[in-house]
Amino acid sequence: MERVLFLSGNEAIAHGALRAGVRFVCGYPGTPSTEIVETAATLDGLHAEWCVNEKVALETAVGASLAGVRSLVTMKHVGLNVAADPFMTLSLTGINAGLVVVTADDPGMHSSQNEQDNRTYAKFAKVPLLEPSDGQEAYDFVAEAFALSEEFDTPVLLRTTTRLSHGRGRVVPRVPVEVEPRDYERDMTKYVMVPQHARIRNRVVLERLQDLRARAEVTPLNVLEAGTVDFGIIAAGVAYAYAREAFPKAWFLKLGLSHPLPYDKVARLYQSVSRVAVVEELDPFLEEQVRALGLPVVGKEAIPADGELDQERVFTALEPYLSRRPPRRRRPVVPPAPRLSTPPAPAPGLPVRPPVLCPGCTHRSVYAVLRRRRLAALGDIGCYTLGALPPLLALDSCLCMGASIGMMAGFNAALGRKAAAAVIGDSTFFHSGVTPLIDA
């Protein structure tokens, strides 16, 4: 007999993390995300901990990922604002073991001071975005997110909403994922984001985004579902469930991987029907991208731009548009891949002179001790980042202001020994290093 669990979306994510081979879970408590870490703490095989804020939580998870352990970090939607500093640069450095960030949005502001739509962060950071529509997908998508993270060397944003986080339903457990062990490999050009390294990594991110867009066209997470009426709907997450119940006979483009948008699948939907609507809660995130293709779509002129949706609100909003005369069909205009600039060539005959630590700088002796003790030196923002350059070659990472201490804590926790040390300056310590030190 098939084993079935009855879980909330948050509980399903925690169980999905265990199944996906995650070993490190951390976060900051905030409704509607809190129960993910609470549930993870009850599961054998998962190390779970609270951190003092979301920025520290993400930096701690980055350290665990760097050490070779799949890591999940959770927060509510406004928490990602706090973690945005490391999150944006993490897109450039990429990861070692898979790293997934769960952002729990709160349409309707059940327990929040605003209603921001964090899907924009995926576009902002140029990272993949997954949106489960029910508890089973919340469970399944965790493994999908970690597979994408490691295949494309990127953090992945997994977005839920209050209704999914707290709603309960049937979840069928899957076979555990076999995870290849990953050792930490020192790579300063990848993890130390001084400008000369960051420029190279930025081009990697732009090329990665095009590869992810190609994947979005073929992944089974994005499904074109045939209907029996001349009307199509594009939807993702729990909004898909509402729209499917409101219009069971419509064609659907169901997006599980909702960023980057699969242009070709959008075009195929338009070739199948004469009218298309986008059903999404809060911002016109998908609608604006479809309109940018030059395609007519019913969106926020019908669907409310605030609050939660439900089946009745979706039906009432879209039903009047079903009887209208179809708009003139247009061919989609797929935007070309972005053009990358040509790196400037060094001036002929001039020697390359990178910046170096000042003569007599006392950081040199510190770096010498760390190298002698074979500790991974996890760095921070400041002049001492120059220790990553020749001849010292002494720094392993540089993510953002205040990140080194949290990363050290996560790195050492993942390995169960003191394998890394944090390097941080006085100004950076007062700026945002105090909180991860308290946490550690």
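Note on GLN271 and ASN202: the model spin-label points, each 7 Å out from Cα along the C-beta direction, lie 3.7 nm apart.
Secondary-structure-derived ellipticity at 222 nm for the chain, considering helices only, amounts to -11500 deg cm²/dmol, per-run term -39500 (n - 2.57) for DSSP H runs with n ≥ 4.
Residue by residue, region 264-276 carries 3J(HN,Hα) couplings of 5, 5, 4, 4, 5, 4, 5, 6, 9, 9, 9, 9, 9 Hz when phi is fed to the Karplus relation 6.51 cos²θ - 1.76 cosθ + 1.60 (θ = phi - 60°); x denotes Gly or Pro. Once the mean 1/r over all distinct Cα pairs of region 1-127 is inverted, what Kirkwood radius in angstroms do you read off? By the Kirkwood definition, the hydrodynamic radius is 14.8 Å. Residues in region 288-295 carry Karplus couplings, in order, of 5, 5, 5, 4, 5, 7, x, 10 Hz; the curve used is 6.51 cos²θ - 1.76 cosθ + 1.60 with θ = phi - 60°, and Gly or Pro positions show x. Helix 311-322 and the longest principal axis of the Cα set of the chain meet at an angle near 60°.
Rolling a 1.4 angstrom probe over the protein heavy atoms with all chains in place gives the chain an accessible area of 44 Å² per residue. At the residue level, THR120 shows approximately 70 square angstrom of accessible surface with a 1.4 angstrom probe and all protein chains present.
Is the shape of region 36-195 rounded, prolate or oblate, going by the alpha carbon gyration tensor and its root eigenvalues a ≥ b ≥ c, with a/c under 1.5 for rounded and a/b larger than b/c for prolate? Write out the running numbers ahead of the final one.
Values: a/c = 1.70, a/b = 1.21, b/c = 1.40.
It is oblate, given that a/c is not under 1.5 and a/b is not larger than b/c.
Across the chain, the longest piece that holds none of the GluC sites (Glu not before Pro) lying in DSSP loops with up to 16 other C-beta atoms within 10 Å covers 3-177. Here log10 I(q)/I(0) by the Debye sum over Cα atoms at q = 0.07, 0.09, 0.12 Å⁻¹ was calculated from the structure, and among [x] -0.37, -0.60, -0.98; [y] -0.60, -0.78, -1.04; [z] -0.43, -0.68, -1.06 it sits at label [x]. Against the main long axis of the alpha-carbon atoms of the chain, helix 84-93 sits at an angle near 80°. Annotation for region 90-159 versus region 203-282: alpha-carbon center distance of 17 Å.
Which order do ILE36, ILE424 take when ranked by solvent-accessible area (1.4 Å probe, heavy atoms of all protein chains), largest first?
Working: ILE36 0, ILE424 50 Å².
Greatest to least solvent exposure: ILE424, ILE36.
Straight-distance candidates among the lysines for linking to LYS126, with alpha-carbon spacing under 18 Å and chain neighbours fewer than 8 residues away dropped: LYS190.
To the nearest ten degrees, helix 195-218 and the longest principal axis of the Cα atoms of the chain are 30 degrees apart.
With +1 on each Lys and Arg Cβ and -1 on each Asp and Glu Cβ, how big is the dipole of region 360-440 about its Cα centre, in debye rounded to the nearest 20? Charge dipole, region 360-440, about its Cα centre: 460 debye, nearest 20.
Ligands, DNA and RNA left out, the 1.4 Å accessible surface of the chain is 55% carbon and sulfur atoms.
Of the trypsin sites (Lys or Arg not before Pro) found in region 193-298, the ones in coil according to DSSP and having at most 13 other Cβ atoms within 10 Å of their Cβ are LYS249.
Considering only the other residues whose Cβ falls under 15 Å of the Cβ of PRO391, what net charge follows from Lys and Arg at +1 and Asp and Glu at -1? Intermediate results must be reported in sequence, preceding the final value.
On the way: positive: ARG353, ARG364, ARG371; negative: none.
Residues near PRO391 contribute +3 overall.
The values are calculated or read from the model by the stated rules, or taken from the named source; none is laboratory data. Being a predicted model, the structure only gives us computed values, none of them experimental. Note that we place each Cβ from the backbone using ideal geometry, even for glycine, and neighbour counts take in every protein chain shown. The protein model used for the area step is the full one, side chains on, heavy atoms only, and it has no ligands, DNA or RNA in it. Shrake-Rupley method; radii C 1.70, N 1.55, O 1.52, S 1.80 Å.
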